[in-house]
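Heads up: the structure comes next, in structure tokens.
The values are calculated or read from the model by the stated rules, or taken from the named source; none is laboratory data. Note that the structure is predicted; figures quoted are calculated from it, not measured. For neighbour counting, all protein chains shown are included, and Cβ atoms are generated from backbone atoms with ideal geometry for every residue, glycine included.
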Amino acid sequence: MEDIEQQVVDEMNAGISPIRVEIPAKINYMTELLRVMAVATEGLNATTEVKCQSVLPISRLRKMISECSMLYPLKHYLVHFFIDGFIDIEKDVPNDLSENIWLMLESFLEDT
């Protein structure tokens, strides 16, 4: 690990750009879509929240988070959308949705 850190430091000092990882276009598209939906659901707007929840239901959201273990940009916006689209919402959370929210929160604990 120290070798990699030293290599990055050496490349930065030599003016060489750091290692870049290309993200596939479909994953990049999904990341941007989630970013837009997360921003759209910020604040309390019931109509937007319901519309975004219908595009990406919590059951699919939970499955995506569990399957994208190392895709941190995607995972970041999945969690951001989860918080703004399902937790911080204008309407009261229905019982069936609250159970899924708890399952989602438990999956965060299992994620390492």
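Quick notes on this one:
- Tally, over the range 70-79, of residues that are assigned to a loop (DSSP other than H, G, I, E, B) and among the charged types (D, E, K, R): 0
- Verdict on LEU109 being in a helix (DSSP H, G or I), modelled with pLDDT under 75 and exposed (fewer than 13 other Cβ atoms within 10 Å of the Cβ): yes
- Qualifying residues in the range 54-69 (those that are without any contact (Cβ under 8 Å) to a residue 24 or more places away in the chain and part of a helix (DSSP H, G or I)) - the one farthest from the chain's Cα centre (by Cα): SER54
- Within the range 1-50, the set of residues being modelled with pLDDT of 80 or more, touching a helix residue (DSSP H, G or I) at 6+ places or on another chain (Cβ under 7 Å), over 17 Å from LYS75 (Cβ atoms) and of a type outside the set (Ser, Thr, Tyr) comprises ALA40, GLU42, GLU49.
- Matching residues, the range 28-37, being touching a residue at least 12 places away in the same chain (Cβ under 8 Å) and more than 9 Å from the chain's Cα centre (by Cα): MET30, MET37
- Options SER54, SER69; residue that is at pLDDT 75 or above, hydroxyl-bearing (Ser, Thr, Tyr), surrounded by fewer than 12 Cβ atoms within 10 Å (Cβ to Cβ) and more than 14 Å from VAL39 (Cα to Cα): SER54
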